[in-house]
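A.B. asks: The structure is given below, and queries will be raised subsequently.
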Amino acid sequence: MEQENSHTKTVRHLAYAFLALVAIMLTGTVGYRILGGEQYSWLDCFYMTFITLTTIGYIEAVDVRQYEYGRLFTVFIGFTGIGVLGYVLSTVTAFMLESDLNSSWRRRKMKQKIAQLKDHYIVCGVGLVGGNVARELAATGRVCVIVDANMSAIHRFLESHPGQLWLHGDATGDDVLLAAGVMNARGVFAVAHDDSMNLVISLSAKQINPKLRVVARCHYTRNFEKTRRAGADEVVSPDFTGGLRIVSAMVRPNVASFLDDMFKSDDSVRIEEISVPEELSGKALSVLYHGNKDSLVLALRHDGGWQFNPSSLQIVQGGDVLMVMATAEGRIRLEQLMQGAG
């Protein structure tokens with residue numbers, strides 16, 4: 001609605017600008033006709049007004065030097081015309097920037113950038129929950145595309161994240177998911193405001209790319225199993241987990257405070273999940289410690305069991321999962337060490 005009001009206001013200013021331009025052209029043409037007399041044609045008078053208005057500076061088409069107020073009239077037309085012309089040009093520029101043509105160009109450039117992505121995330125719905133999801137991904141150095149049918153919601157998010165990749169459309173449609181790069185994505189967050197929409201998004205995303213990981217938001221616990229059967233790998237209820245968090249704030253406040261501090265700051269550490277590649281099988285965990293002081297391995301998952309605080313001499317196998325406390329830089333460095341060790 002705000003965008004439409006702004007566009008209407010620009011169109012109104014554009015109309016005023018052209019009316020002012022026509023008025024100054026008519027005033028100049030009639031004035032030079034009166035000052036110059038019938039020896040000058042209407043075209044000569046119009047041309048004289050035009051070259052004065054645009055400051056082209058050709059020879060005077062209408063000689064008004066012999067008249068007392070002739071040159072003063074030319075000065076008046078020049079000053080007034082330059083102001084009106086500047087207003088017209090600025091209004092036309094604003095109109096072009098807000099026009100559908102410019103919007104189409106920006107959408108096309110955005111789609112080209114999205115088409116080049118690999119291993120990114122797609123956040124379907126950028127309301128209160130989806131906005132926080134996208135902010136967390138950005139804070140941890142992960143690329144994502146936000147998708148929403150409500151352009152106002154996208155604009156609100158872009159105010160604080162102007163460089164964010166976005167797509168305007170209904171994420172329940174296969175064409176929108178394909179445009180968001182679902183074939184090359186690592187995961188999809190189905191976090192729309194409605195459970196049925198998240199169910200359809202989960203189903204559509206999994207049918208297009210079965211290897212994709214899908215995490216869905218669900219208001220009502222009775223819809224958990226339906227959403228999982230539709231294709232969601234994980235279903236989260238903010239209301240349910242929020243209730244547990246409130247209890248933690250009461251009965252274990254220090255733990256809750258520690259976890260909150262981790263997620264509130266962009267520069268804080270996170271608990272990350274790192275999969276061990278096959279190339280690292282049979283090697284000690286110590287190969288991941290070289291030159292990396294920004295991460296700490298908390299636990300190792302192997303054959304379905306957890307080993308907490310593993311030794312640096314612990315042998316890892318492909319498919320093992322490391323639970324690591326790390327900064328964004330520490331996580332990236334850890335992934336680089338894994339590739340180098342392999």
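A.B. asks: Condition check: of a type in the set (A, V, I, L, M, F, W, C), modelled with pLDDT under 85 and closer than 25 Å to Val126 by Cβ. Does Leu259 satisfy that?
C.D. replies: yes
Table: residues versus (1) over 30 Å from Asn150 (Cβ atoms); (2) at pLDDT 70 or above; (3) of a type in the set (Gly, Ala, Ser).
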residue: Thr27; (1), (2), (3): yes, yes, no
residue: Val30; (1), (2), (3): yes, yes, no
residue: Ile34; (1), (2), (3): yes, yes, no
residue: Leu43; (1), (2), (3): yes, yes, no
residue: Tyr47; (1), (2), (3): yes, yes, no
residue: Arg65; (1), (2), (3): yes, no, no
residue: Gly83; (1), (2), (3): yes, yes, yes
residue: Tyr87; (1), (2), (3): yes, yes, no
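A.B. asks: Right, something else. Thr227: under 28 Å from Asp260 (Cβ atoms), over 25 Å from the mean Cα position of the chain (by Cα), surrounded by 13 or more Cβ atoms within 10 Å (Cβ to Cβ) and without any contact (Cβ under 8 Å) to a residue 60 or more places away in the chain, yes or no?
C.D. replies: The answer is yes for Thr227.
A.B. asks: In addition: If we scan the stretch 121-135, do we find a residue that is free of Cβ contacts under 8 Å to residues at least 12 places away in the same chain and on the phi < 0 side of the Ramachandran plot?
C.D. replies: yes
A.B. asks: Within the stretch 279-315, can you find the residues that are under 22 Å from Arg186 (Cβ atoms) and at pLDDT 85 or above?
C.D. replies: Arg301
A.B. asks: Is there any pair linking a residue in the stretch 177-205 that is farther than 14 Å from Tyr121 by Cβ to one that is among the basic types (Lys, Arg), with Cβ under 7 Å and at least six apart or on different chains, and which?
C.D. replies: What qualifies is Ala179/Lys111; Asn198/Arg217; Leu199/Lys226.
A.B. asks: Return yes when Glu136 is loosely packed, with under 14 Cβ neighbours inside 10 Å and either in the same structural domain as Val215 (by TED's automatic domain parsing) or aliphatic (A, V, I, L, M) (or both) and no when it is not.
C.D. replies: No: the conditions fail for Glu136.
The values are calculated or read from the model by the stated rules, or taken from the named source; none is laboratory data. All values reported here derive from a predicted model rather than from experimental measurement. FYI the Cβ positions are ideal-geometry reconstructions off the backbone, even for glycines, and counts take in every protein chain you see.
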